[in-house]
Structures are given as structure tokens and as C-alpha cells.
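The values are calculated or read from the model by the stated rules, or taken from the named source; none is laboratory data. Please read these numbers as outputs of a predicted model, since none were measured by experiment. As a convention, Cβ positions derive from the backbone with ideal geometry for all residues, glycine included, and neighbour counts pool all protein chains shown. Please note that ligands, DNA and RNA were not included when accessible areas were found on the heavy atoms of the full protein model with its side chains. Shrake-Rupley method; radii C 1.70, N 1.55, O 1.52, S 1.80 Å.
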Amino acid sequence: MSFHEHKSTIEEGDTVILYLNPSSIHAVTVNPVTKNKKDAIVENILQTTQGGLKIKSLIGKEYGSCIQLTKGYGFALHPTPELWTITLPHRTQIIYTPDISMIILQLELKPGSVVIESGTGSGSLSHALIRAVKPSGHLYTFDFHEQRADVARTEFQSHGVGEFVTVAHQDVCQNGFGLDVAGKADAVFLDLPHPWEAVPHAVNAMRDSGGRLCSFSPCVEQVQRTCEQLRILGFIEITTMEVLIKEYQVNSRPMSVIDLEDIKPEDTGPHSKWKDPLTIVSCHAPPTLAGHTGYLTVATLPPKSSRLVLEV
């Protein structure tokens with residue numbers, strides 16, 4: 001239940017983020033026992049690079065506390081959508097925090113907003129959307145794959161946020177979003193192979209007062225077709241962007257310094273007098289940088305009374 005609101009003490013059934021180091025972070029469900037491959041009930045023990053951890057030992061500990069493992073230690077962190085994104089079990093390719101932050105900004109989400117998401121996938125974006133709109137808003141999320149929808153629904157319930165989200169198994173490109181959400185949505189997010197096919201259904205789902213739409217696509221050809229459909233259906237302020245993060249590295253470097261006060265003509269050239277090197281703090285870009293993540297296309301649907309729909 002720990003995703004819904006912050007709590008200080010770990011209880012059975014909670015999700016805990018076990019931090020060992022920047023490259024070793026685990027999402028742990030606090031269940032004292034589990035089933036082994038022979039379907040027998042056994043003690044739940046997590047094996048990590050720092051040794052084993054008996055899951056039941058987490059119960060009663062405070063979030064943020066240091067946890068002893070058999071070969072080292074880690075920290076039991078309170079779960080957040082950002083930590084969940086880097087530890088969740090991948091069922092599909094996911095959207096990461098830099099894009100998620102821009103999506104929430106561009107959709108203008110706030111507590112009380114009603115937002116539609118398609119598709120649900122692994123639920124990375126879903127958790128961030130729920131946090132943005134709760135406690136009085138709601139997320140309607142759709143996936144054409146039934147098993148993924150079922151797993152996501154169970155996951156939301158176990159994380160304590162099931163009341164803020166409705167999960168549906170549905171092909172929104174063919175069948176739309178359904179009558180339950182017609183005219184209710186403040187914003188729509190699309191992560192689909194053919195997002196332009198879902199744009200007309202998004203219009204039907206939005207309020208008469210209008211709203212915001214965002215589509216995530218890895219290929220520019222998808223962006224082009226989506227933008228054409230958005231213009232035809234009366235969307236304005238159509239913009240496409242890409243979020244790339246350049247994280248500068250800060251470190252200390254030695255720098256040689258010449259002694260200009262005590263220099264003589266014969267000291268010039270390769271035999272110049274140098275002082276002891278100074279240590280300076282410098283920053284520089286990483287040697288490698290991701291060249292592409294995906295394109296975010298955002299647009300505004302004006303109020304119904306002022307929409308200009310083009311004829312094709």
C-alpha cells in the first residue's frame with residue numbers, strides 16, 4: 001500500500017526499493033514466504049550482489065534505514081514512480097523519467113484531472129500519471145494485450161492505487177475508448193504503433209471544453225501521419241519535441257602552472273620552470289550520449305464551439 005501515500009514503517013505486502021549501489025537496485029514485495037519451483041511454500045530470500053536478504057526482516061524497519069545483508073548492506077527506500085521505473089519488471093519497452101516529466105508537463109495534469117493512456121505496457125508512465133491526478137482525479141488506461149492488462153490491474157491494486165485507475169483490455173484504434181469515458185477526459189496520451197488511428201477516438205473522449213493530447217513515437221514517419229490527422233480534426237499548437245539528457249561529469253584534474261615570476265631567458269622552451277601542478281575541479285560531457293529516444297507530439301484541442309475541422 002506504500003505507493004498511495006508516504007509512510008514511515010515497512011509493513012507486510014509493501015513494495016520496498018532496495019538500493020545497493022547505482023547499478024544494483026531492486027523492487028521487493030514484502031512477503032515473508034514464497035513458492036519455489038516445486039510449488040512448495042518456502043522462506044522468501046532475495047539473492048543480491050551483496051548477499052542474501054530474508055524478506056521478513058524488512059517488516060517493522062523504517063523506510064530509509066540501512067539493511068544488513070550477508071555480504072554487505074543496502075538501504076530500504078520508499079517507492080516512487082521514478083524508482084519504480086528503473087526497477088519494474090519489463091513486459092514491454094518502457095518510457096523513462098525524462099520523457100515522463102515532459103509528458104506530464106505538456107498534458108497540464110493536476111490533482112482532479114481525468115487522463116486516458118494507451119497503451120498501459122509495463123506501467124512505468126501509469127504510476128506517474130496516477131500520482132499527478134490523485135486524490136480526486138482518475139486514470140483510464142488501455143492495452144490491446146489482455147494478459148498485460150490483467151497484470152497491470154493486479155499491480156495497481158497491490159500498490160494501493162487501484163481506486164485511482166481503471167484498466168481495460170481494448171484495441172482503441174479499432175474500438176475507441178468506450179462510452180464510459182466519452183466527453184470526460186482532460187488529456188489523452190498515446191503510445192501506439194498507429195497513433196493517428198486513435199486520434200478521432202481521442203476527440204470523442206475529450207470534454208467539450210477541449211484538452212491536451214500527447215503521442216510518443218520512435219519514428220518520424222509516425223509523427224508525420226499523426227500531425228496530419230491532428231490538423232484535420234481541428235487540433236492547434238501542434239509541436240513535436242525530443243528529450244535528450246546531457247549529464248555533465250564533475251571531477252578533479254591536475255593542471256601544470258609555469259612560474260612566471262622567476263623565469264629567465266634560458267628557462268624558456270622545453271626546460272621552463274614549472275610549479276607543482278594545481279588540482280582544479282572541472283566538468284565535461286560524457287564520452288557517449290544517447291542519440292535518440294522518441295518523439296513527443298503534443299497538441300491542444302480547442303473548445304467544441306471553436307473547432308475548425310478540415311475536409312479531406
Report task. Determine whether the stretch 69-92 contains at least one residue that is surrounded by fewer than 19 Cβ atoms within 10 Å (Cβ to Cβ), without any contact (Cβ under 8 Å) to a residue 60 or more places away in the chain and under 30 Å from Val203 (Cβ atoms). Result -> yes
Report task. Being in contact with a helix residue (DSSP H, G or I) (Cβ under 9 Å, 6 or more places away or on another chain) and among the aliphatic types (A, V, I, L, M) is the filter here, so list the residues in the stretch 188-205 that pass it. Result -> Val188, Leu190, Leu192, Ala198, Val199, Ala202, Ala205
Report task. Can you tell me which residue within the stretch 43-60, out of those that are open to solvent by 50 Å² or more (accessible area, probe 1.4 Å) and hydrophobic (A, V, I, L, M, F, W, C), is farthest from Ile10 (Cα to Cα)? Result -> Ile45
Query raised in the report: Taking the stretch 1-43, which residues are more than 24 Å from the chain's Cα centre (by Cα) and on the phi > 0 side of the Ramachandran plot?
Result: Asp39
Query raised in the report: Any idea how many residues of the stretch 16-42 are surrounded by fewer than 15 Cβ atoms within 10 Å (Cβ to Cβ), hydrophobic (A, V, I, L, M, F, W, C) and part of a loop (DSSP other than H, G, I, E, B)?
Result: 1
Query - Among (1) closer than 22 Å to Glu155 by Cα; (2) out of contact with any Phe, Trp or Tyr (no Cβ under 9 Å at 6 or more places or on another chain); (3) not charged (D, E, K, R); (4) not in a loop (DSSP other than H, G, I, E, B), the one test that Gly13 misses - result: (4)
Query raised in the report: Does any residue in the stretch 299-311 that is without any contact (Cβ under 8 Å) to a residue 60 or more places away in the chain come within less than 9 Å, Cβ to Cβ, of a residue that is in a loop (DSSP other than H, G, I, E, B) and open to solvent by less than 50 Å² (accessible area, probe 1.4 Å) six or more places away or on a different chain, and which pairs are these?
Result: Ser306/Gly210; Ser306/Gly234
Query raised in the report: When the residues of the stretch 171-180 are filtered to those that are in a helix (DSSP H, G or I) and open to solvent by 10 Å² or more (accessible area, probe 1.4 Å), which remaining residue is nearest to Val16 (Cα to Cα)?
Result: Asp180
Report task. Tally the residues that are over 17 Å from Ala185 (Cβ atoms) and open to solvent by less than 60 Å² (accessible area, probe 1.4 Å), restricting the search to the stretch 159-170. Result -> 4
Query - Per-region count, the stretch 178-229, residues over 20 Å from Tyr140 (Cβ atoms) and hydroxyl-bearing (Ser, Thr, Tyr) - result: 2
Query raised in the report: Can you spot a residue in the stretch 263-273 that is at pLDDT 80 or above and either open to solvent by 80 Å² or more (accessible area, probe 1.4 Å) or under 30 Å from Gln174 (Cα atoms) (or both)?
Result: no
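Yes or no, residue by residue, for (1) touching a Pro at 6+ places or on another chain (Cβ under 9 Å); (2) closer than 30 Å to Met241 by Cα:
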position	(1), (2)
Gly13	no, no
Tyr19	no, no
Thr70	no, no
Pro79	no, yes
Tyr96	no, yes
Ile100	yes, yes
Query raised in the report: Which of the residues belonging to the stretch 149-158 are closer than 15 Å to His127 by Cα and open to solvent by 40 Å² or more (accessible area, probe 1.4 Å)?
Result: Val151, Arg153, Thr154, Gln157, Ser158
Query - Residue list for the stretch 156-181, restricted to those being in contact (Cβ under 8 Å) with a residue 60 or more places away in the chain and of a type outside the set (S, T, N, Q) - result: His159, Gly160, Val161, Phe177, Val181
Query raised in the report: Of all residues in the stretch 109-136, which are on the phi < 0 side of the Ramachandran plot, of a type in the set (Gly, Ala, Ser) and touching a residue at least 60 places away in the same chain (Cβ under 8 Å)?
Result: Ser113, Ser118, Gly119
Requested in this report: May I ask you to verify whether Asp191 is of a type in the set (Asp, Glu) and under 21 Å from Leu109 (Cα atoms)?
Outcome: yes
